[in-house]
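The values are calculated or read from the model by the stated rules, or taken from the named source; none is laboratory data. Values in this document were obtained by computation on a predicted structure and should not be read as measured data. Neighbour counts are summed over all protein chains in view; Cβ atoms, including those assigned to glycine, are modelled from backbone coordinates with ideal geometry. Areas reflect the complete protein model, heavy atoms only, side chains present, ligands, DNA and RNA absent. Shrake-Rupley method; radii C 1.70, N 1.55, O 1.52, S 1.80 Å.
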Amino acid sequence: MKKTWHDLVLSAQEEFRFFASRKIDKMTALIVVIFVLSILDAIFTLTWIKSGLAVEVNPFLVNLIEKGDFAFLGTKILLTGLGCIFLEKSRKKSKLARIGIVAIFAVYCLLTFYHCVGALQSVHHDLLPDFVDDALLWLS
């Protein structure tokens, strides 16, 4: 059975209501999203580097890339995870930690948007819908 756009929207609204009804602290939710976005950043970064479209500028991470993909991804995810645990532990005690969570969230959102735009620009433009192609032209 083929799902329509309307079915997809209704499903997303139902999922949103389910998660909205849960009692999750907003700062904790932001920390979880930061962690997920950091994993996406690591995957995008490795993909860009392996395809030759980008280079890693962090000397520590360059060394890890030379040791292998798992070393790079594992270390990047581990370090971000430890940072997220630190933020979770300190968010109730420190206003600076809460400000940091929001700032890091904003940076990762912008970085993920940047990666997605880059991915769309690397796809042959005949494969993209016209509105996406127009938006990419506007962004570039």
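Only one residue in ASP69, ASP25 is among the charged types (D, E, K, R) and within 24 Å of LEU110 (Cβ to Cβ). Which one?
Criteria check complete, one pass: ASP25.
Go through region 62-95 and give me each residue that's surrounded by 14 or more Cβ atoms within 10 Å (Cβ to Cβ) and within 16 Å of ASP25 (Cα to Cα).
Residues satisfying the conditions are CYS84, LEU87, GLU88, SER90, ARG91.
Assess whether LEU46 counts as being farther than 30 Å from ASP25 by Cα, of a type in the set (A, V, I, L, M), out of contact with any strand residue (DSSP E or B) (no Cβ under 8 Å at 6 or more places or on another chain) and open to solvent by 70 Å² or more (accessible area, probe 1.4 Å).
no
Report whether or not PHE44 is among the aromatic types (Phe, Trp, Tyr) and within 24 Å of ALA106 (Cβ to Cβ).
Criteria met by PHE44.
Within region 1-14, which residues are open to solvent by 100 Å² or more (accessible area, probe 1.4 Å) and modelled with pLDDT under 85?
Listed by number, the residues that qualify are MET1, LYS2, LYS3, TRP5, HIS6.
Would you mind finding the one in ARG17, ARG98 that is among the charged types (D, E, K, R), touching a Lys or Arg at 6+ places or on another chain (Cβ under 8 Å) and open to solvent by 80 Å² or more (accessible area, probe 1.4 Å)?
So the residue among ARG17, ARG98 that is among the charged types (D, E, K, R), touching a Lys or Arg at 6+ places or on another chain (Cβ under 8 Å) and open to solvent by 80 Å² or more (accessible area, probe 1.4 Å) is ARG98.
Please specify each residue of region 49-61 satisfying the condition of being under 24 Å from VAL117 (Cα atoms) and surrounded by fewer than 14 Cβ atoms within 10 Å (Cβ to Cβ).
LYS50, SER51, GLY52, LEU53, VAL55, VAL57, ASN58 - these are the residues of region 49-61 that are under 24 Å from VAL117 (Cα atoms) and surrounded by fewer than 14 Cβ atoms within 10 Å (Cβ to Cβ).
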